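These notes are about the structure you will find just below.
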Amino acid sequence: MKQDVDPSDPLGLSLANRMAFRLYQCANMLNKTGTKALERHEVTTQQWAILGALVRDRWVGGIAVRDLAALLMVSRQNLTGVLSRLEARGLVERTVDANDNRSRLIKLTPAGWQRWSDMQADIAAYYADAMRDLSNNDMIHMLHYMDRLRQNLRAVDDAQGGED
């Protein structure tokens, strides 16, 4: 049974506040520990997320910056800087979109594919440590609730006027 948070319910507001703060803490720790876990690969969590998106079958041929920004839920301005650093290191490249010569697509270079491959053992070890004591069932439930929260936050963002 779905039940919305009642703005006049102190317990509901307190729980919402605690959940939002816990999510904030987890996001900060994910950024800190994820970057440290991949330190030897010289990849930050933001770069990890981009490389991970680009290896998906759907985007092997490339993805437009606007679509990648939407997928990662970041601004194009923030994404552009990270992409420029990855491009300077030879891990991604901008290619002409075959369907629109004016557009550019972002895709992994052979060096980017190799970097992704080299990272896999460290990623697996990181996930094993980070998800310790969580069953598959726990993770399925967490994904379900995080998807709901993401959808709600997307609606809040849309109501606030969308992208910065």
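The numbers here are math on the coordinates, done by the rules we state, and not lab data. Keep in mind that this is a model prediction, so the values were computed, not measured. Cβ placement follows ideal geometry from the backbone for every residue including glycine, while neighbour counts extend to all protein chains displayed.
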- Query: Per the Debye formula with a single identical scatterer at each Cα and no solvent contribution, what log10 I(q)/I(0) holds for the chain at q = 0.10, 0.14 Å⁻¹?
  - Reply: -0.49, -0.91
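Report, in debye and to the nearest 20, how large the dipole of the range 11-132 comes out about its Cα centre when Lys and Arg carry +1 and Asp and Glu carry -1 on their Cβ.
The dipole of the range 11-132 has a size of about 320 debye.
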- Mean shadow area (nm²) of the C-alpha convex hull around the range 69-164 is 9.0 nm²
- Count neighbours as other Cβ atoms within 10 Å of each site's Cβ, and list the trypsin sites (Lys or Arg not before Pro) in the range 88-132 that are DSSP loop with at most 11 such neighbours. R132
- Item | For the range 134-147, 3J(HN,Hα) per residue [Karplus equation, 6.51 cos²θ - 1.76 cosθ + 1.60, θ = phi - 60°, Hz, x = Gly/Pro] | 9, 6, 4, 4, 4, 5, 4, 5, 4, 4, 4, 6, 5, 5
- Query: At 222 nm, what helix-only mean residue ellipticity would the chain give, in deg cm²/dmol to the nearest 500, using -39500 (n - 2.57) for each DSSP H run of four or more?
  - Reply: -21500 deg cm²/dmol
- Given charges at Cβ of Lys, Arg, Asp, Glu: the range 11-132 dipole, positive-most of A125, T109, M73: M73
